[in-house]
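Notes follow once the structure below has been shown.
Read-outs throughout are calculated quantities, based only on the coordinates presented, and are distinct from any laboratory measurement. Since the structure is predicted, the reported quantities are computational estimates derived from the model, not experimental observations. Positions of Cβ are generated from backbone atoms using ideal geometry, with glycine treated the same way; all protein chains shown enter the neighbour counts.
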Amino acid sequence: MAWIAELLPPRFTGAVKKWTLIKRIKEFHNLPLIGVRLRTLYLNHSFWAFADQGLVSLGTFATNIILARTLSPEDYGRYVIIFGVLLFLNSIQYAIITFPLTVRGAASDQNSLRHLAISSLLFTTILALFLGVGMLGAATILGSIQLAPWAVSSLFFWQFQEVFRRALMAHQRYFEVMWGDALSYLGQALLMLVLYWYGQLSAQSTFAVIALTSAIAGAVQAIQLGLTSIKFSQVWRVVDDFWRLGSWLLLHNLISNFFTFLSFPWALAYLYGVNEAAALQAVLNIIGASHPIIFCMRGLIVPATARSYRAAGKAAAQRITFNYAIQGLILLFPFYAIVLLWPRMLLTAFYGMDSPYLGLEAPLRLFVPAYTLFYMSVILTSFIDGLEETRRALMAQLVSACAFLIIGLPLTAWGGVIGASLGRSVYGLTVVIACVVIIRKIK
């Protein structure tokens with residue numbers, strides 16, 4: 001419980017050792033600092049943020065289930081690996097564009113936010129030219145060059161949408177964000193279903209649909225934010241500021257997302273074949289139903305921490321972070337209990353009685369502790385990023401990378417999908433421990 005005490009203001013650290021979780025939650029609702037109106041706004045933002053992330057994850061989840069039930073394990077494995085590269089490249093944009101946009105936008109007025117968003121869009125366009133080369137290279141190595149044009153298109157339009165999506169989120173306009181995200185992610189799943197009915201569903205058509213729905217959603221969210229003209233001199237000032245703020249996070253993301261999105265699927269594909277990478281994704285599809293809560297935490301904590309830290313210092317930021325973390329844990333617990341108790345039922349329900357993925361009960365169970373540690377690491381790294389201590393967060397990832405290379409990778413080579421689940425737990429545990437040490441040192 002020591003790490004929890006670190007996230008609380010000094011006057012609450014003793015209470016953590018004495019009070020139960022229920023008493024702690026009740027205490028939050030009676031805090032004289034927050035007041036009825038702010039407490040209402042806080043819960044309102046949380047609700048719409050969870051609802052939005054629920055739409056995003058529902059659409060992603062449905063897409064993956066449709067693909068897993070339709071494509072052969074080999075074709076699905078190739079799609080999973082290329083999609084992992086796409087997510088990895090998106091994390092580069094997040095580090096040096098959308099994260100700084102979120103932090104700077106949270107402290108900006110509406111007009112300044114629009115200027116930041118347009119500058120970010122131009123920055124994204126330039127960056128996409130280089131990231132597209134990386135996507136092309138990955139498709140070539142995998143022997144799936146036919147996927148490259150569609151994958152590159154989906155990369156650009158996804159990042160286009162992310163700029164305006166994150167700009168709206170910086171001002172906690174989650175209700176407005178939901179409309180574009182529904183078009184993008186739920187629309188994506190619906191179009192996949194139509195393609196399935198007409199027998200046209202493939203990895204190529206999937207990436208084409210992602211590009212189309214992201215472009216439409218990005219246009220909607222750009223209209224919601226409002227467009228404005230800018231001078232190129234403003235763009236370069238923004239680029240310089242974003243680079244200074246996000247450069248350390250870029251190194252952090254390159255390391256953490258390499259192990260999250262690339263290392264396990266590519267290692268499994270190399271050692272066991274692309275079918276094993278497909279099996280890993282089949283497990284992640286189910287345990288990933290918790291993504292709405294986990295990823296929502298980052299969207300909530302980073303801007304909230306940035307604002308409260310600037311207004312009232314580290315103690316206020318700790319309090320906000322802890323309260324968000326408790327909300328997430330309450331929602332995650334029932335789902336993880338179901339996964340532990342009835343994994344076969346879930347596998348059968350999502351993939352069918354004749355699925356090649358029904359024998360994945362053990363790795364599915366093992367991913368529960370791995371994802372619990374993942375959730376804790378997201379909370380802690382989001383808190384550190386909100387304090388703009390991205391250089392310190394990089395150190396946590398370096399330690400975790402060493403742990404993966406020494407322990408996680410051999411486990412993956414030894415046990416396939418089961419080894420990968422154990423490797424994820426090792427990686428997540430070292431991130432949590434390293435973050436706790438870092439937080440203790442931040443004044």
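Below are the figures for this structure:
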read-out: Peptides ranked, highest mean first, by Cβ atoms within 10 Å: ranges 322-335, 364-377; value: 364-377, 322-335
read-out: Shape category assigned to the stretch 78-203 from the gyration tensor of Cα positions, a/c cut at 1.5; value: oblate
read-out: Sites R69 and W342, calculated FRET efficiency, Cβ-Cβ separation with R0 25 Å, nearest 0.05; value: 0.80
read-out: Computed over the stretch 218-365: relative contact order in percent, which uses C-alpha pairs under 8 Å that are six or more apart; value: 18
read-out: Shape call, the stretch 204-312: gyration tensor on alpha carbons, a/c limit 1.5; value: prolate
read-out: Residue-averaged [θ]222 nm for the chain, counting only DSSP H segments that reach four residues, each worth -39500 (n - 2.57); value: -27500 deg cm²/dmol
read-out: Under the span-like rule (Cα at least 27 Å along the axis, Kyte-Doolittle mean at least 0.0), DSSP H helices of the chain; value: 35-70, 73-93, 110-141, 148-170, 203-225, 232-257, 291-312, 314-341, 361-386, 417-441
read-out: Using a Förster distance of 45 Å, the FRET efficiency for L271-K314 (Cβ separation, nearest 0.05); value: 0.50
read-out: Size of electric dipole in the chain: Cβ of Lys, Arg +1 and of Asp, Glu -1, about Cα centre, debye, nearest 20; value: 1760
read-out: Listed residues Y76, Y198, Y272, most fluctuating in the chain (Gaussian network, C-alpha, under 10 Å); value: Y198
read-out: Distance between the stretch 138-170 and the stretch 271-340 - C-alpha centres, whole angstrom; value: 23
read-out: FRET efficiency, 1/(1 + (r/R0)^6) with R0 56 Å, evaluated for D109 and S355 via beta carbons; value: 0.60
read-out: Reachable aspartates and glutamates from K443, criterion Cα separation under 19 angstrom, eight or more residues apart if same chain; value: E6, D385, E388, E389
read-out: Average Cα contact separation per residue, the chain, under 8 Å, 6 or more apart, as relative contact order %; value: 22
